Amino acid sequence: MKHLATILVSSLALMASPAAAETVAITGGKVVIGDGSAPMDAGTVVISNGRVVAAGTNVTVPANARRIDASGKWVTPGIFAGFSRIGLVEVGAVRSTNDTRAADSVFSAALDVQYAVNPFAAPVAVNRAAGVTRAVVSPGTSNSIFGGYGAIVDLGNDNDPITKARAFQFVELGETGHSRAGGSRAAAHILFRAMLNEARTYARNPSLFDSDLMKASDAKALLPVINGNIRLLVHVESANDILKVLDLRKDFPSLKLVLVGANEGWRVANEIAAAKVPVLASALSDLPYSFEDLSATQSNIGRMKRAGVNVAIGMINDRDAHQLRYSMQYAGNLVALNKVPRATGLSWDEAFAAISSKPAEIMGMGSQLGSLKAGRKGDVVIWTGDPLELSTQVESVFIDGVEQSLSNRQERLRERYRNPTPGALPKAYDR
Amino acid sequence: MEWKGLLAVVAAGALVTGCAATAAETETASASSASSSSESSAKIAFPSTYKAYASDNIVITGATIFDGEGQRIDNGVIFMSAGKIVSVGGPETVIPTDSTIIDATGKYVTPGIIDIHSHLGDYPTPSVAAHSDGNEATSPVTPEVWAEHSVWPQDPGFSRALANGGITSLQILPGSANLFGGRAVTLKNVPARTVQAMKFPGAPYGMKMACGENPKRVYGGRNRKPSTRMGSLSLTRQTWIKAQDYRKKQRGAKPPKRDLAMETLTGVLDGDILVHNHCYRADELNQIIDMSKEFGYKVTAFHHAVESYKIADILAKEEICSAIWADWWGFKMEAYDAIPENAALLQQAGACVVIHSDDENQIQRLNQEASKALADGRAMGIEISDAQAIQWITYNPAKAMGIADKTGSLKPGKMADVVLWNDNPLSVYARPEKVWIDGAMLYDANDPARRPVSDFELGQPGEGDVK
């Protein structure tokens with residue numbers, strides 16, 4: 001109990017001082033800005049007051065800075081998970097710990113993940129220790145095509161995980177949309193249009209709103225979608241479903257669309273590029289999981305990129321509550337494709353941007369997050385080597401300029417069982 | 001596919017049926033190649049019709065070779081002829097004339113990769129309900145079913161595993177809904193019209209068993225036994241008692257009439273069929289070990305054993321393999337204590353490690369999964385060589401599947417199941433360049449004609465694409 005008390009006191013102290021945003025200079029490392037530019041040898045990164053002050057090769061180290069020697073190391077922006085459910089789930093199959101969907105709720109678009117994201121969930125600590133510092137957190141769907149408001153979060157070890165609440169609305173318009181809407185894509189599209197039109201009705205006179213279709217709260221939640229005040233993240237996979245989503249702007253010209261998944265995006269890449277709709281794409285999907293994924297290929301992201309699509313890596317429905325640490329491996333695999341004849345990958349610089357600056361930009365946060373450009377939030381990771389390589393380990397993580405504890409229960413279990421044979425006392429006493 | 005799987009299950013109003021990530025688990029057991037009466041009847045049934053495809057005399061020179069048994073050869077040479085490995089060695093190795101010589105300078109050679117835990121074919125893609133053939137979830141005790149009778153050879157996943165993962169052999173298991181899930185089958189990863197033409201010649205059968213959450217969830221949810229872990233153990237033991245009784249009668253004056261379930265179970269008791277036991281928690285692994293001793297059989301491998309690290313010493317002593325993921329965790333309660341150092345801690349204790357996929361995606365990069373497990377071990381100070389990590393996905397699974405005398409390492413006389421990698425297979429930047437199965441080149445990254453396309457993908461968008 002004494003030990004527990006110590007932990008509580010120290011973590012309370014940490015919570016009380018999120019502005020422990022000291023001035024830090026990380027010197028001598030290979031610096032990756034994250035904006036798609038090439039890594040720089042022997043660079044310096046300075047963070048102060050929670051923000052990046054400077055990063056590059058001609059950087060003056062402030063006199064008051066704590067210096068960290070990163071010679072032989074790599075220094076990058078923290079990993080930005082382009083689509084996730086981090087913080088919404090502790091144990092996937094334990095329903096009481098899983099806040100991704102609300103199967104018995106009467107609400108849909110009004111559901112707001114900001115009230116569910118738990119910064120103390122074990123997956124947050126595990127992925128923080130792996131170098132993931134920010135994430136798009138999206139609700140799933142249950143009784144409607146709309147899932148609710150998503151958020152941008154940080155994975156910091158403090159009380160407040162929300163970087164931007166109500167950052168977007170989430171909707172299913174592919175096969176899942178078909179089932180949520182009652183059994184056809186036609187039903188999904190008419191439901192989409194009808195709900196948005198109802199929202200307009202609501203806007204004209206909220207006090208008189210009385211709809212058979214939806215709750216006033218849901219109508220209210222769709223208004224910023226119609227007006228383009230928040231993004232609409234649309235999960236679709238097939239080429240045809242993608243085209244139908246792009247067409248939505250004929251009826252709702254202000255929609256700020258972002259495609260999610262988009263396994264067949266490469267087949268309509270020119271159309272996506274022309275529509276200037278960005279994509280949070282699954283990196284390594286290459287099987288016909290369903291008929292909406294028939295032409296899935298790992299070259300999807302590379303081909304879309306070559307066609308001029310603004311694309312980043314997302315992980316929809318792919319261990320997206322626990323394994324954001326796969327982001328680096330996925331990006332590395334896209335680089336590997338460059339050596340496979342007829343495949344289209346990303347350059348290393350593009351691949352790293354696809355898990356740092358690109359998702360931030362796509363979510364409208366590029367001036368704040370996702371790179372080491374001056375003024376960005378101080379999310380910095382020091383790695384033992386190439387961050388996309390499987391053998392590389394994380395040495396230090398900063399979020400909002402605050403150095404983070406990398407401890408988590410996986411690490412505690414590992415240490416307890418470093419030698420599995422109990423000693424003089426049972427394992428329960430090994431701490 | 002964690003959530004995709006879960007959502008599909010919920011939508012179907014059914015409990016986990018399958019494989020894909022959410023609750024998939026399986027196990028196997030292995031056995032010797034001895035033959036008993038039940039085994040001989042099994043051998044007559046559904047025989048393998050696999051025949052090796054045409055092969056040339058191939059010499060690969062200048063490669064870094066991981067031999068599958070923990071050795072590394074720099075600037076190595078490997079000679080394959082008539083579908084077999086003839087010689088493997090350093091640059092001094094004699095190179096026969098009349099051979100095709102492949103200069104692999106800067107490249108790597110490994111044995112064909114082996115996945116001990118796959119549901120390709122019995123949970124194929126497209127993963128529509130009509131294809132859900134992995135769990136006979138109508139009774140918790142179904143040792144009578146055979147996974148091979150569910151395998152759809154046209155599953156596009158086989159060709160992805162070949163081209164992207166260098167998979168040359170794999171074990172297809174029934175799912176984990178049942179305490180006794182049925183027989184597993186070992187396949188060569190060759191495209192074929194029939195499953196029989198994929199069956200690995202001479203491979204022993206496996207039997208899938210399961211403990212833990214899945215059986216009790218599936219049957220407890222229907223108010224049937226088992227609804228608890230103790231219910232599972234009791235039903236499993238009762239079944240073994242029946243099998244022992246059947247076996248006694250088999251050897252008596254009046255043999256009992258044929259019973260498919262009992263034939264499989266007596267095959268295990270006779271040591272002909274290998275037990276592959278899906279089981280997560282350390283305490284449960286230990287219960288299963290005691291049960292196997294009670295009835296006189298051996299567990300060959302615990303599958304999905306995310307808590308093996310807690311009893312690594314016991315597993316080493318019992319000589320039971322742990323077939324595990326590198327880093328899956330948290331998708332259900334019994335996976336909550338999984339840690340990425342599981343493999344390394346087992347290796348440190350001298351226990352057998354197999355890295356498996358149980359997944360149609362990760363089977364395409366088992367080499368990367370092994371690499372992550374290696375890196376996490378090294379980060380905590382455990383010394384493991386690259387070549388030993390390759391053994392986790394080659395020789396060790398071959399041994400646990402009872403085929404290590406035929407494949408799984410680059411030893412003269414073994415099947416020429418070989419992968420040429422364009423980089424170190426433990427690097428994220430590596431991909432298979434060529435894959436040989438029994439000396440036949442069935443994948444070549446440089447030749448579109450050497451990329452298999454299943455019937456399902458023919459005439460579809462993306463047919464023959466690099467994938």
Mind giving me the nanometre distance, one decimal, between the label points for B:Leu458 and A:Ser105, set 7 Å out from Cα along Cα→Cβ?
-> 4.8
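State the Kirkwood hydrodynamic radius of the stretch B:156-208 in Å, one decimal place, computed from all pairs of distinct Cα atoms. Spell out each step's value before the answer.
Working: mean 1/r = 0.0839 Å⁻¹.
One over the average 1/r among Cα pairs gives 11.9 Å for the stretch B:156-208.
Could you rank the peptides B:253-265, B:109-121 by their average count of other C-beta atoms within 10 Å per residue, with the highest value first? Mind showing how you got there, number by number?
Values: B:253-265: 15.5, B:109-121: 29.8.
With the highest mean Cβ count within 10 Å placed first, the list reads B:109-121, B:253-265.
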Where in the stretch B:48-77 does the label zone of B:Val94 land, with the point 7 angstrom along Cα→C-beta and an amide N cut-off under 17 Å?
-> B:58-60, B:77
Once you treat every alpha carbon in chain B as an equal point and sum by Debye, what is log10 I(q)/I(0) at q = 0.06, 0.12, 0.13 Å⁻¹?
-> -0.24, -0.98, -1.15
Please report, for the Cα atoms of the protein assembly as shown, the Rg to one decimal and the Dmax as a whole number; what are they, in angstrom?
-> 27.4, 94
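For A:376-389, what's the mean count of beta carbons from other chains sitting within 10 Å of each residue's beta carbon?
Across A:376-389, the average partner-chain Cβ count within 10 Å equals 1.
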Per the C-alpha gyration tensor (a ≥ b ≥ c, the square roots of its eigenvalues), the stretch B:290-413 is rounded if a/c is under 1.5, else prolate if a/b beats b/c, else oblate; here it's rounded
Value of Rg to Rh for the stretch B:121-272 (Rh from inverse mean 1/r over Cα pairs, i.e. Kirkwood) | 1.02
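Over chain A, what is the mean sequence separation of C-alpha contacts under 8 Å (at least six apart), divided by residue count, expressed as relative contact order in percent?
Details: 1023 pairs, mean separation 81.5, N = 431.
Reported as a whole number, the value is 19 percent.
Take every residue in peptide A:297-309, count the Cβ atoms of other chains within 10 Å of its Cβ, and give the average of those counts.
Working: counts 4, 6, 4, 1, 0, 0, 0, 0, 0, 0, 0, 0, 0.
So the per-residue partner count for this stretch is 1.
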Hey, got the average number of other protein chain Cβ atoms within 10 angstrom for residues in B:305-313?
-> 3
In percent, how large is the relative contact order of the stretch B:38-130, given Cα pairs closer than 8 Å and 6 or more residues apart?
-> 28
Would you list which aspartates and glutamates come within 19 Å of B:Lys51, measuring only between C-alpha atoms, while excluding same-chain residues fewer than 8 positions from it?
-> B:Glu148, B:Asp405, B:Asp417, B:Asp438
Stretch A:Arg193-A:Ala165 to full length: gain in nm at 0.36 nm per residue minus the Cα-Cα span?
-> 7.6 nm
In the Gaussian network model of chain A, springs joining C-alpha atoms below 10 Å, which of A:Pro420, A:Pro359, A:Pro253 carries the largest mean-square fluctuation?
-> A:Pro420
Answer in debye to the nearest 20: the dipole magnitude of chain B about its Cα centre, from +1 Lys/Arg and -1 Asp/Glu charges placed on Cβ, is 1620
Where is the GNM fluctuation largest for chain A (alpha-carbon springs, 10 angstrom cutoff): A:Asn118, A:Asn205, A:Asn229?
-> A:Asn205
Would you list which lysines come within 17 Å of B:Lys248, measuring only between C-alpha atoms, while excluding same-chain residues fewer than 8 positions from it?
-> B:Lys257
Placing each pseudo-label 7 Å from Cα in the direction of the beta carbon, B:Lys248 and A:Ser347 end up separated by a distance in nanometres of 7.6
Mean shadow area of the stretch A:33-82 over all directions, Cα convex hull, nm² = 4.3
For chain B, calculate the relative contact order in percent as a whole number, restricting contacts to Cα pairs under 8 Å that are 6 or more residues apart.
-> 22
Indicate, rounded to the nearest 5 percent, the antiparallel portion of the DSSP beta bridges found entirely in the stretch B:187-330.
-> 10
Hey, what's the Cα Rg ratio for the stretch A:261-350 versus the globular rule of thumb, 2.2 N^0.38 Å?
-> 1.01
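Sorted by mean Cβ packing within 10 Å, highest first, what order do the peptides B:93-102, A:272-281 take? Display every interim value, and only then the final one.
Details: B:93-102: 12.5, A:272-281: 21.8.
Highest mean packing first, the order is A:272-281, B:93-102.
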Which FRET efficiency value, to the nearest 0.05, is calculated for B:Arg450 and B:Asp405 with the Förster distance at 41 angstrom and r the Cβ-Cβ distance?
-> 0.90
Chain A, convex hull of Cα, quarter of hull surface, nm² -> 23.9
Förster-model FRET efficiency, 51 Å R0, A:Ala274 and B:Ala82, C-beta, rounded to 0.05 | 0.35
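When the helix-only estimate is applied to chain A (DSSP H runs of n ≥ 4, each -39,500 (n - 2.57), divided by the residue count), what is the mean residue ellipticity at 222 nm, nearest 500 deg cm²/dmol? Let's see the in-between values first.
Working: 12 runs with 117 residues, N = 431.
The per-residue figure over chain A is -8000 deg cm²/dmol.
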For the Cα atoms of chain B, what angle does the longest principal axis make with the long axis of helix B:2-11, in degrees from 0 to 90, nearest 10?
-> 40
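So, counting K/R as plus one and D/E as minus one, what does the shell of residues with Cβ under 9 Å around B:Gly62 add up to? Mind dumping the intermediate values first?
Values: positive: B:Lys107; negative: B:Asp103.
Charge balance in the 9 Å sphere: 0.
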What pairs from A:Lys305/A:Lys377; B:Lys254/B:Lys317; A:Lys250/A:Lys358; A:Lys244/B:Lys434; B:Lys216/B:Lys372; B:Lys249/B:Lys317 go past 29 Å between their alpha carbons?
-> B:Lys254/B:Lys317; A:Lys244/B:Lys434; B:Lys216/B:Lys372; B:Lys249/B:Lys317
Between helix B:156-165 and chain B: long-axis angle, C-alpha atoms, 0 to 90°, nearest 10 = 50
Most packed first (mean Cβ within 10 Å per residue), the peptides B:434-446, A:70-82, B:299-311 order as B:299-311, A:70-82, B:434-446
In nm, give the distance between the simple-model label positions of A:Asp430 and A:Arg418, each being 7 Å from the Cα along the Cα-to-Cβ direction.
-> 1.0
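Extension gain A:Ser254-A:Arg66, at 0.36 nm per residue separation less the Cα-Cα distance, in nm?
On the way: separation 188, 0.36 × 188 = 67.68 nm, distance 4.73 nm.
Taking 0.36 nm per residue and subtracting the Cα distance, the gain is 62.9 nm.
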Mind checking the full-extension length gain between A:Thr384 and A:Thr201? Use 0.36 nm per residue of separation minus the Cα-Cα distance, one decimal, nm.
-> 60.2 nm
For chain A, find the longest principal axis of its Cα atoms and tell me its angle to the long axis of helix A:185-204, 0 to 90°, nearest 10.
-> 90
Lysines near A:Lys215 by alpha-carbon distance under 25 Å, same-chain residues fewer than 8 away left out - which ones?
-> A:Lys164, A:Lys256
Highest GNM mean-square fluctuation among A:Asp104, A:Asp241, A:Asp320, for chain A with Cα springs under 10 Å, belongs to A:Asp104
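Computed from the coordinates by the stated procedures, all read-outs in this text should not be read as laboratory data. If you're wondering where the values come from, they're calculated on a predicted model, not measured in any experiment. Glycine gets a Cβ as well: all are built from the backbone with ideal geometry, and neighbour counts include every protein chain shown.
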